[in-house]
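Comments concern the structure below.
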Amino acid sequence: MFADCAPAFHRAGINVVPVNGEKVPLAPWKQWQARLQTHDELDALTARHGGMDIAVILRGMVDIETDSEAAERTLRDLRLPLAPTACWQSPRGTHRLYRTEKPLPSRLGLRPGLDVLSHGHYAIAPTSTGREWLLGLDALAPLPAAWHDALLQPVHRAALRVAEHHGADEGTRNNTLARLVGCWLTQGVSGDDLTRCVLAWARRCRPPLAVDEALSVMRKIMQARSNMRSPERAALIRARERDLDPAARFVLIALEAHRQELGAPATFAAPLRKVAGLTGYDPASVARAYSRLRDAGLIELFAGRDPTSGRRISTVRFLP
């Protein structure tokens, strides 16, 4: 019921709305796409609709939804990373909920039986009728970086899929390979697997593409991808390498985004309430994440003062 579940979602920085049995929201909800609900707003919804089902508003989140076992296999066949995260089972299938660095487009029908819902949508969540948690809210994780690329890039054309299996003719080989390498990287193919894909494809071309030339194309695309990597994404990669918990990862990304807004200074003010607004966490959770980031050797943490109000605020410096 809404009354039982809403407080836990609110503590996790997730907005919710009551829905009826037809999945129709029972209150206006669009305003909560831009900001966190207040306690008073949540209390008012609970007082009016405490016995109804609950939906999460996808603010700073995506819901990767499959509707069958076949769709689950299709999801795995994409070869995109799927970090453990909050997920639940519904009568239709499985939902995986991830936090995102910025709003992403929804991709309904990304593959047969596979939808990705994002900003502008809501998802019916446990403990609504017929829905139960497989992994709870404490496991909520950031969306893996490769998914950002996959959701932002245009849908692959049929011609490229044909070329992937049959090679390309002289005069189009390098450009086609460059596009394929980009697709494979987005799908999470890397290292020796990527090299094998490139060389196998080069042999299918007419005439075959020379090994040195094929590897040169691959390295150029990999370098271009590296140069395009945003500071926020680099922060996410560093956080994953240190095996940080989801809250610490998301706070690190928010700190980097805040630093870029300030012009990327070496040391910068990072008030708890400011970063809490960026992440959806409460200030106490952000403070705990700061401590974990410091202990992991990712930041130095200082006590500073707001030049306007004189109040004590947190000051951060990123470590190499």
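The values are calculated or read from the model by the stated rules, or taken from the named source; none is laboratory data. Being a predicted model, the structure only gives us computed values, none of them experimental. Neighbour counts are summed over all protein chains in view; Cβ atoms, including those assigned to glycine, are modelled from backbone coordinates with ideal geometry. Remember, those area values only see protein heavy atoms, side chains included, never the ligands or the DNA or RNA. Shrake-Rupley method; radii C 1.70, N 1.55, O 1.52, S 1.80 Å.
For region 277-320, the set of residues classified as surrounded by fewer than 13 Cβ atoms within 10 Å (Cβ to Cβ), at pLDDT below 85, under 26 Å from the mean Cα position of the chain (by Cα) and not in a loop (DSSP other than H, G, I, E, B) is empty. Reported count of residues in region 86-133, each being part of a strand (DSSP E or B), under 19 Å from Lys30 (Cβ atoms) and β-branched (Val, Ile, Thr), is 1.
Do we have any residue at all in region 245-255 that's at pLDDT below 80, within 19 Å of the chain's Cα centre (by Cα) and in a loop (DSSP other than H, G, I, E, B)? No, every residue in region 245-255 fails to be at pLDDT below 80, within 19 Å of the chain's Cα centre (by Cα) and in a loop (DSSP other than H, G, I, E, B).
Given Asp4, Asp67, which one is over 19 Å from Gly120 (Cβ atoms), within 25 Å of the chain's Cα centre (by Cα) and not β-branched (Val, Ile, Thr)? Write out each step before concluding.
Working: Asp4 fails: within 25 Å of the chain's Cα centre (by Cα).
Step by step, each of Asp4, Asp67 is checked, and only Asp67 is over 19 Å from Gly120 (Cβ atoms), within 25 Å of the chain's Cα centre (by Cα) and not β-branched (Val, Ile, Thr).
Reported count of residues in region 62-71, each being open to solvent by less than 20 Å² (accessible area, probe 1.4 Å) and of a type in the set (D, E, K, R), is 2.
Name the residues in region 9-35 that are at pLDDT 90 or above, within 26 Å of Ala247 (Cβ to Cβ) and touching a Gly at 6+ places or on another chain (Cβ under 9 Å), would you? Answer for region 9-35, where residues must be at pLDDT 90 or above, within 26 Å of Ala247 (Cβ to Cβ) and touching a Gly at 6+ places or on another chain (Cβ under 9 Å): Ala12, Gly13, Ile14, Asn15, Arg35.
Name every residue in region 246-271 that is open to solvent by 50 Å² or more (accessible area, probe 1.4 Å) and either touching a strand residue (DSSP E or B) at 6+ places or on another chain (Cβ under 9 Å) or among the basic types (Lys, Arg) (or both), in order of residue number. Residues satisfying the conditions are Leu262, Ala266, Thr267. A search for C-beta distances below 8 Å between a residue of region 81-107 that is within 16 Å of Val56 (Cβ to Cβ) and in contact (Cβ under 8 Å) with a residue 60 or more places away in the chain and any residue that is in a strand (DSSP E or B) and open to solvent by less than 20 Å² (accessible area, probe 1.4 Å), counting only pairs 6+ apart in sequence or on different chains, returns Thr85/Leu97; Thr85/Tyr98; Thr85/Ala141; Arg99/Met61; Arg99/Ala141; Arg99/Pro142. When region 73-103 is limited to residues that are basic (Lys, Arg) and within 18 Å of Val251 (Cα to Cα), the one that is surrounded by the fewest Cβ atoms within 10 Å (Cβ to Cβ) turns out to be Lys102.
Which residues, taken from region 159-183, are in a loop (DSSP other than H, G, I, E, B) and of a type outside the set (Ser, Thr, Tyr)?
Gly167, Ala168, Glu170, Gly171
Taking the condition of being assigned to a helix (DSSP H, G or I) and open to solvent by less than 60 Å² (accessible area, probe 1.4 Å), how many residues in region 9-61 meet it?
Keep residues of region 9-61 that are assigned to a helix (DSSP H, G or I), which gives 9-11, 30-33, 39-49.
Subset that is open to solvent by less than 60 Å² (accessible area, probe 1.4 Å): 9-10, 32-33, 41-42, 44-46, 49.
Residues that pass the stated criteria total 10.
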